[in-house]
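**Student:** Below is one structure. I have some questions about it.
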Amino acid sequence: MKREKMTKATPWKGYTLEELAQRRAINAIKQEMTLEQMTTVYSQIASGNVTGNAVKSDDLTSRLSDGLSKIISLANYGSRALQIIRQVKDIVNQFRTK
């Protein structure tokens, strides 16, 4: 929608395809940034390079961080798989005849 002054006589007709593509791109960038930040934090935890007042305990801390990083990586793969499935489903629905 162009940046026009909205009046009561001109109802909003929705987003244009260009605006939808821009919103999708922005959301994808935000998602990648969040994923990168989480990956960095968890790799720091796994390696024991945690900043702050935490005391490093080799046995318990390393086992917990290894388990946590495995769970997060599996969740990451699962979320990406769901995104791919949704996109494929949308494409198939577009070409399906009614």
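**Student:** Determine, yes or no, whether Thr51 is assigned to a helix (DSSP H, G or I) and either touching a strand residue (DSSP E or B) at 6+ places or on another chain (Cβ under 8 Å) or modelled with pLDDT under 75 (or both).
**Tutor:** no
**Student:** Considering only residues of segment 21-48 that are in a helix (DSSP H, G or I) and of a type in the set (Gly, Ala, Ser), which is nearest to Leu64 (Cα to Cα)?
**Tutor:** Taking the candidates together, the pick is Ala46.
**Student:** Under 6 Å by Cβ, and 6 or more places apart or on different chains, what pairs join a residue from segment 68-92 that is at negative phi with one that is surrounded by 10 or more Cβ atoms within 10 Å (Cβ to Cβ)?
**Tutor:** Ser69/Tyr42; Ser69/Ala46; Ile72/Tyr42
**Student:** Any residue in segment 31-47 that is polar (S, T, N, Q) sitting within a Cβ distance under 7 Å of a residue that is modelled with pLDDT under 85 and not in a helix (DSSP H, G or I)? List the pairs, counting only those 6 or more apart or interchain.
**Tutor:** Gln44/Val50
**Student:** Does Glu18 satisfy being assigned to a helix (DSSP H, G or I) and either exposed (fewer than 12 other Cβ atoms within 10 Å of the Cβ) or at pLDDT 85 or above (or both)?
**Tutor:** yes
The values are calculated or read from the model by the stated rules, or taken from the named source; none is laboratory data. Note that the coordinates shown come from a computational prediction; the quantities given were computed from them, not determined experimentally. Positions of Cβ are generated from backbone atoms using ideal geometry, with glycine treated the same way; all protein chains shown enter the neighbour counts.
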